[in-house]
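Contents: one structure, followed by commentary.
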């Protein structure tokens, strides 16, 4: 039976957890950079490793997360009809998105303008009402747009499309997997990047991340052929990826085109298409794709094993992602005022945010009606398995505990808003 073959890949779950954990560090590091530039000891050569890590990570981190989302969709779609899939996507992505816009980012007081921006195509980083939740905003759109294709693949598991993907994965020396996806990504960059600056999944990045999402889905649809292929290319990818990272990092200024890796140079009077722009698009696409292959290949080797912590951490990913920015800005401002310095602030701030998001998760996962707002699956039956609900059989006591945790969730939400407002006032 097909259902018996739907074995969960622990390596993909582990990568999801690890990459979202890196997100906490990354956002703190990026949004506190202004403190680094203000330090007298901030020598460029001393901070070069930091800029290298941040710059390189930004090129592949989100790409890999969209690939993982596509892979997760492929696993989910095997057991769902398109109607069930869309309904679940609307619940799991749409409800937290609306909750974030109107409550966590206080959009309820500007309901009309925020709603208009919600339906505005590429409103810009300063205007988008969903802030860092643009990831699930894009993911929701991608899921809807690609559902017909997903449904076709599900209904035709041995059709031409899937057979074509398998043939690609079986190309000698792994060249199909190594070359075809980055070439498609490069074409996207060549065609769309010149016209607008790409930011937070908008403009040319919108189609770029859609492609990563689609690639993740198609690779898993090929089933075992993908995992065989990813294991075969581990060595060449391990050798090539750091080389590509160095080439990408040092090449941005040599093409004579401003923002050649970010886009939008036509507005500054440069030609839309040129040899230099094409080479830059190829470097950028191969660099990001090889990083994805690098982490997936090593995760397949090292992380495809169960753990008692994995399901817990996997459940924590979504709610901690939703709340982490509210906890990020306040310590940045406070540590800056106290003069802690960039690197000490980064270390302490990352610890503070990590503890904070896990506390929020532990509260919310025990509040039945709040779980859906923070993207946690399951309802009352799942809550009953948790402490302290599982310590009593009394219905009255369970109701009391339920009221307490819903009250704590309300206070937590108010506290998150207070931190966000406090950071803006102090900053």
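Just a few scattered comments:
- For region 269-308, a residue qualifies if it is under 27 Å from residue 66 (Cα atoms) and not in a helix (DSSP H, G or I), and the qualifying residues are 303, 304, 305, 306, 307, 308.
- Tallying residues that are surrounded by 21 or more Cβ atoms within 10 Å (Cβ to Cβ) and within 19 Å of residue 317 (Cα to Cα) within region 372-408 yields 4.
- In region 155-182, the residue that is nearest to residue 227 (Cα to Cα) out of those that are touching a residue at least 40 places away in the same chain (Cβ under 8 Å) and not in a helix (DSSP H, G or I) is 170.
- Residues of region 278-289 classified as surrounded by fewer than 23 Cβ atoms within 10 Å (Cβ to Cβ) and within 13 Å of residue 212 (Cα to Cα), total: 1
- Residues that are in contact with a helix residue (DSSP H, G or I) (Cβ under 6 Å, 6 or more places away or on another chain) and either modelled with pLDDT of 95 or more or in a helix (DSSP H, G or I) (or both) within region 377-392 comprise 380, 383, 389, listed in sequence order.
- The residue list 363, 351, 421, 404 contains one member that is part of a helix (DSSP H, G or I) and either under 30 Å from residue 49 (Cα atoms) or in contact (Cβ under 8 Å) with a residue 60 or more places away in the chain (or both), which is 351.
- Qualifying position, being over 21 Å from residue 61 (Cα atoms), buried (at least 17 other Cβ atoms within 10 Å of the Cβ) and modelled with pLDDT under 95, among 198, 174, 252: 174
- Selection from region 95-122 of residues that are touching a residue at least 40 places away in the same chain (Cβ under 8 Å), over 22 Å from residue 411 (Cβ atoms) and in contact with a helix residue (DSSP H, G or I) (Cβ under 6 Å, 6 or more places away or on another chain): 97
- Total residues in region 189-209, condition closer than 15 Å to residue 64 by Cβ, touching a helix residue (DSSP H, G or I) at 6+ places or on another chain (Cβ under 8 Å) and not in a loop (DSSP other than H, G, I, E, B): 2
- Looking at 180, 247, 237, 228, just one residue is crowded, with 22+ Cβ neighbours inside 10 Å and more than 22 Å from the chain's Cα centre (by Cα), and that residue is 237.
- In this structure, residue 266 qualifies as surrounded by fewer than 18 Cβ atoms within 10 Å (Cβ to Cβ), at pLDDT 95 or above and in a helix (DSSP H, G or I).
The values are calculated or read from the model by the stated rules, or taken from the named source; none is laboratory data. It should be emphasised that the depicted structure is a prediction, and the values quoted were computed from it without experimental measurement. Quick reminder, even Gly has a Cβ in these numbers, built from the backbone with ideal geometry, and neighbours come from all protein chains shown.
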